[in-house]
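Trainee: Sharing a structure here in structure tokens format.
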Amino acid sequence: MNAKILILLGLVAVAVADKRPVYSYDAPQEQQLCLPLLLVYDYQPWVYNDRIRQPPQPVYGRSSSSEEDFEPPKYGFDWVVQDGETYNDFAHQEDRQDDNTKGSYTVQLPDGRLQTVTYYVDGDSGYVAEVSYQGEAQYPESNESYEAPRSYAPPPPKPSPSYGYGK
């Protein structure tokens with residue numbers, strides 16, 4: 001009797017395994033059980049109360065209005081950094097109205113000069129910059145002495161070992 005139950009359960013397992021779900025990008029198919037007496041729990045998150053839920057479809061293209069409402073760009077900013085301990089001294093200033101942008105920035109160079117870049121962008125004309133320098137470049141005297149590089153000489157040959165043979 002136990003052998004018959006075991007064989008019957010084996011056949012049921014083979015029948016259920018033969019009808020495994022096939023996952024694809026199509027709409028889900030209804031599954032049919034081959035043995036009506038067998039109760040098998042098959043979780044399908046896309047089926048709810050015998051209705052098939054479809055995921056929301058993405059919408060591409062423009063919005064309902066043909067022209068999107070954007071305000072023309074308009075802004076202005078400026079900032080300055082001056083730190084005497086670290087010798088950091090730089091600034092930036094810019095103003096924009098529609099497609100016209102004007103601004104400048106300054107940088108304290110290591111040689112003591114102040115570099116100022118004044119620029120503008122007028123529509124599609126591109127970035128036009130004018131660079132100017134204030135002050136005189138100063139190079140402090142170095143305390144390091146200059147030594148000529150040593151010329152290369154191969155190392156002296158190593159003496160060959162002698163073990164006292166052939167004397």
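Trainee: Whole number in Å², please: accessible area per residue of segment 73-167, 1.4 Å probe, ligands, DNA and RNA not counted.
Mentor: Per-residue accessible area for segment 73-167 comes out at 90 Å².
Trainee: Could you calculate the contour length gain from Asp122 to Tyr60, that is, 0.36 nm times the residue separation minus the distance between their Cα atoms, to one decimal place in nm?
Mentor: So the extension gain works out to 18.9 nm.
Trainee: Now for a separate question. Given the Cα-Cα distance of Ala148 and Phe70 and 0.36 nm per residue of separation, how much length would full extension add, in nm?
Mentor: Between Ala148 and Phe70, full extension yields an extra 21.4 nm.
The values are calculated or read from the model by the stated rules, or taken from the named source; none is laboratory data. It should be emphasised that the depicted structure is a prediction, and the values quoted were computed from it without experimental measurement. Ligands, DNA and RNA are stripped out before the accessible areas are found, and what is left, the full protein with its side chains, is counted by its heavy atoms. Shrake-Rupley method; radii C 1.70, N 1.55, O 1.52, S 1.80 Å.
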